[in-house]
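A quick write-up on the structure given underneath.
The values are calculated or read from the model by the stated rules, or taken from the named source; none is laboratory data. Model, not experiment: these values are computed from the prediction. Reconstructed Cβ throughout: ideal geometry from the backbone, glycine too, with neighbour counts over all protein chains shown.
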Amino acid sequence: MILFLEGGEPAMQLARQLLRGTEARTPLSEVTLLAPVPRPSKIIAIGLNYMDHCREQGHEPPKSPVIFAKFSSAVIGPGATIRWD
């Protein structure tokens, strides 16, 4: 997936071309969804980055970005078990 993302628009155009006219479908109940980008090199997030969230938290919007990181080992797929060890 990382190589696909690094391929940018040309990779996306190729994927669209390959999928055009494809009729094969697999029911969602028959697949396991994984993390979209397993083992990312880094995860950088922005806190309080929209007004509704600021209001929910009882904060005024920050004057400068609130930047924080997350561990890449925290990335899992939907419904995956969270390991505590």
message: Condition first: surrounded by 10 or more Cβ atoms within 10 Å (Cβ to Cβ) and on the phi > 0 side of the Ramachandran plot. Can you find one or more residues in the stretch 55-66 that meet it?
response: no
query: What number of residues in the stretch 1-49 are more than 23 Å from GLY77 (Cβ to Cβ), at pLDDT below 95 and of a type outside the set (A, V, I, L, M, F, W, C)?
result: 8
statement: Sole miss for HIS59 among (1) at pLDDT below 90; (2) in contact with a strand residue (DSSP E or B) (Cβ under 7 Å, 6 or more places away or on another chain) is condition (2)
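For the stretch 16-32, state whether one or more residues are over 14 Å from the mean Cα position of the chain (by Cα) and touching a residue at least 12 places away in the same chain (Cβ under 8 Å).
Of all residues in the stretch 16-32, those over 14 Å from the mean Cα position of the chain (by Cα) come to 16-32.
Okay, now just the ones that are also touching a residue at least 12 places away in the same chain (Cβ under 8 Å), so 32.
Checked the stretch 16-32: at least one residue is over 14 Å from the mean Cα position of the chain (by Cα) and touching a residue at least 12 places away in the same chain (Cβ under 8 Å).
Among the residues of the stretch 1-43, which ones are among the β-branched types (Val, Ile, Thr), part of a loop (DSSP other than H, G, I, E, B) and surrounded by 11 or more Cβ atoms within 10 Å (Cβ to Cβ)? Reasoning before the result, please.
Narrowing the stretch 1-43 to residues among the β-branched types (Val, Ile, Thr): 2, 22, 26, 31-32, 37, 43.
From what's left, part of a loop (DSSP other than H, G, I, E, B): 22, 26, 31-32, 37.
Correct list: VAL37 only.
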